[in-house]
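The values are calculated or read from the model by the stated rules, or taken from the named source; none is laboratory data. For clarity, every value in this text was computed on a predicted model and none was experimentally measured. As a convention, Cβ positions derive from the backbone with ideal geometry for all residues, glycine included, and neighbour counts pool all protein chains shown.
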Amino acid sequence: MKQSELLRVENLRTYFYSQGRTVRAVEDVSFSVQQGSTVCLVGESGSGKSATAFSILNLIPKSMGRVVAGKVLYGGEDLLRISQRRQRTILGNEIAMIFQEPAAALNPVCTVGEQIAEVLRTHKQCSAREARRQAKAMLDRVGIPDAQRRLDDYPHQLSGGMRQRAMIAIALSCRPKLLIADEPTTALDATVQSQILGLLHELQADTGMALLFITHDLSVVAEIADRVLVMYAGRIVEEGDVMQIFDDPWMPYTRGLLKARPGLHSGDGSSRRLSAVPGDPPDLANLSIGCSFRPRCCHAAADCAYRPPDLETVRGHSVRCMHWRQIVEAAGEPEAVL
Amino acid sequence: MPPEMPEAQRIELRAKLGLNDDIATQYLRYGEALLRGDFGQSFFSKRPVVELFMERVPNTLLLTVPAFVLSVAIGLCGGLWAALRHNSLFDRSLTTATVVMQAIPNFVVGIATILIFSLSLRLLPSGGMGTWKHFILPVITLALATCANTAHLVRTCMLEVLAQDYMRYARSKGLSPAVVVLKHGLRNAILPVLTIMGLQFGGLVAGAVVTESVFAWPGAGRLVIDAVMKRDFALLQFGILVFSAAIIFANLLVDVAYGLLDPRIRER
Ligand SMILES: Nc1ncnc2c1ncn2[C@@H]1O[C@H](COP(=O)(O)OP(=O)(O)OP(=O)(O)O)[C@@H](O)[C@H]1O
Ligand code: SF4
Ligand SMILES: [Mg+2]
């Protein structure tokens, strides 16, 4: 499965400035997304997942913070440095994003049909009637019953699951090459969640789009990911293929997460959240110089407090921990989880 | 009744106007007349108050409508621009200006413009009606009084809306800045502005009354002020009745508009 690269993020840094503090939400993040593949970005709440997604689209509001460094390379261009006009031809068209909270992201005073149609009219230059016809087709496609009538509904008239489907319809209406989905299933109950995942998978197979999927639910990751990025306190702490991460995790944080998780095929469908690792995430405005996972790490050694670990890559599997070799060796052969 | 009126005439008039009856009877008589559509006559000109009032209404509309349009235009554009350029020099100047404007009473603004443009510069007439030049000062005075409020409101509401998720979402769809700001932003921000503007319609009426007096503008507001001065009660009562009805009507209109603009209200 040799693919070509669609998006490459290099040394991305995004800081928020609030109340005189600098919140280092994204710190030196690099990764790439291959065409048609699924990359999962996992991490607990506040680890900087949404900030990463918004930085890629250059959508960090100036009043809150900014991308202070890095590149987002897409088709030979750096999305952070192209003109606004050029950027608008890519956003919503070639790269679309599903927001974490559909209830807040959909405009309350615009009909669902209008919110789909406006993307089509903007990017595909189709007439109002054609846009409406395609909007209906999209609602049908994402499994919203009675689509014709739903076109004229307002967001508050839809259920949570329906709103999520409507957002997917909006995102996919221009057949993007990359879909960034920020926790699209978190707010939904298990049945709807698996329906939405199935739908995304189906649509991905149809259109060959790549998917950057943000979640803090590991069972979802195991189900859909090709490649996994584990984020902690604004940094990538482990990256690898889904097998590498689930079969042979190196970083103590990832190991903790997987240990706390029920067996993959236990079939009970319960999904543990990433808070399963004891302790609290560090304050991103006040990070210590050493490893930011140290206060919660049971393998922490003296040098962890003052030496920041680098990202070390072995056979396409990266880890940010100075002692990972000893830790993995001491634990012996990993139990087969898959 | 003027104090210098002869006693005999006074007694006659009291009897004629029914002022010897007790208050309740007088009030009932007044209410009953209202229901018949009889609003009484002016004590002085002896003409029906409706007629007196209605001949002045066009002049008032000639003043208030352009002033309202101007005020909304300035308020909307100013408030919008300030919100979009939050914390810029323009934003800070506008915020300061709106606070100052809201603190200065309308008649002071009117007198100040007369002092500057009529007396010192001799550019514009200080009062009365006639040429287009007569419109400029009163319209601007009245517009200034309400536009500061509108600008302030639009700015506050728009700032709130700009921070909403749906604005960022609209941008993530690659829509043009105009569509993002006007269609997704202003349509949401205008809702609270509308409500409060409806409540402030009374302010516009009050402003019109004051402005007409300052600029000797022959409108309904000035008529009512004259009625106060002369104690022309029938006329005064009718004026207040009409103003109150206008304010209630404006609020009704706002409620209807709100229902049309906000689908979450329309539902219920
Ligand atoms: N506007 C802001 N001002 C200041 N700090 C912010 C702002 N937005 C986010 N942050 C901080 O940046 C960090 C990363 O936030 P982000 O929203 O990316 O987290 P996340 O990984 O998406 O979490 P969740 O799973 O809860 O969505 C958090 O610590 C958060 O407190
Ligand atoms: S560097 Fe040290 S503290 Fe950080 S994860 Fe590795 S062992 Fe734990
Ligand atoms: Mg998030």
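Data table
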read-out: Selection count, segment A:66-84, where residues are within 30 Å of B:Ile190 (Cα to Cα) and either more than 9 Å from every other protein chain (Cβ to nearest Cβ) or aromatic (Phe, Trp, Tyr) (or both); value: 1
read-out: From A:Val42, A:Val109, residue being surrounded by 22 or more Cβ atoms within 10 Å (Cβ to Cβ) and either away from ligand 1 (no atom under 16 Å from the Cβ) or in the same structural domain as A:Ala225 (by TED's automatic domain parsing) (or both); value: A:Val42
read-out: Residue list for segment A:54-81, restricted to those being of a type in the set (A, V, I, L, M) and either outside the structural domain of A:Glu183 (by TED's automatic domain parsing) or under 12 Å from A:Leu7 (Cα atoms) (or both); value: A:Ile56, A:Leu57, A:Val72, A:Leu73, A:Leu79
read-out: Output for segment A:50-93, where each listed residue is of a type in the set (Ser, Thr, Tyr), away from ligand 1 (no atom under 16 Å from the Cβ) and surrounded by 14 or more Cβ atoms within 10 Å (Cβ to Cβ); value: A:Tyr74, A:Thr89
read-out: Test: residue in segment B:39-60 that is under 29 Å from B:His134 (Cα atoms), assigned to a helix (DSSP H, G or I) and among the small types (Gly, Ala, Ser); value: no
read-out: Top-ranked residue in segment A:25-38 [being away from ligand 3 (no atom under 16 Å from the Cβ) and crowded, with 24+ Cβ neighbours inside 10 Å; ranked as farthest from the chain's Cα centre (by Cα)]; value: A:Val33
read-out: Residues of segment A:283-308 satisfying the condition of being within 15 Å of A:Tyr253 (Cα to Cα), out of contact with any helix residue (DSSP H, G or I) (no Cβ under 9 Å at 6 or more places or on another chain) and buried (at least 18 other Cβ atoms within 10 Å of the Cβ); value: A:Ser292
read-out: Test: residue in segment A:104-122 that is within 9 Å of chain B (Cβ to nearest Cβ), at positive phi and away from ligand 2 (no atom under 16 Å from the Cβ); value: no
read-out: Residue in segment A:139-161 that is within 16 Å of ligand 1 (Cβ to nearest atom) and modelled with pLDDT under 90 present; value: no
read-out: Residues that are at the interface with chain B (Cβ under 8 Å from one of its Cβ atoms) and not acidic (Asp, Glu), drawn from segment A:85-103; value: A:Gln87, A:Arg88, A:Thr89, A:Ile90, A:Leu91, A:Gly92, A:Asn93, A:Ala96, A:Met97, A:Phe99
read-out: Strands (runs of 3 or more DSSP E) contained in segment A:1-110 and holding at least 1 residues more than 16 Å from A:Ala181 (Cα to Cα); value: A:5-18, A:21-34, A:65-74
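Quick grid of which residues meet (1) modelled with pLDDT under 90; (2) within 13 Å of ligand 3 (Cβ to nearest atom); (3) part of a strand (DSSP E or B):
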| site | (1), (2), (3) |
| --- | --- |
| A:Ile180 | no, yes, yes |
| A:Pro184 | yes, yes, no |
| A:Leu188 | yes, no, no |
| A:Val192 | yes, no, no |
| A:Gln195 | yes, no, no |
| A:Leu200 | yes, no, no |
| A:Leu203 | yes, no, no |
| A:Asp206 | yes, no, no |
| A:Phe213 | no, yes, yes |
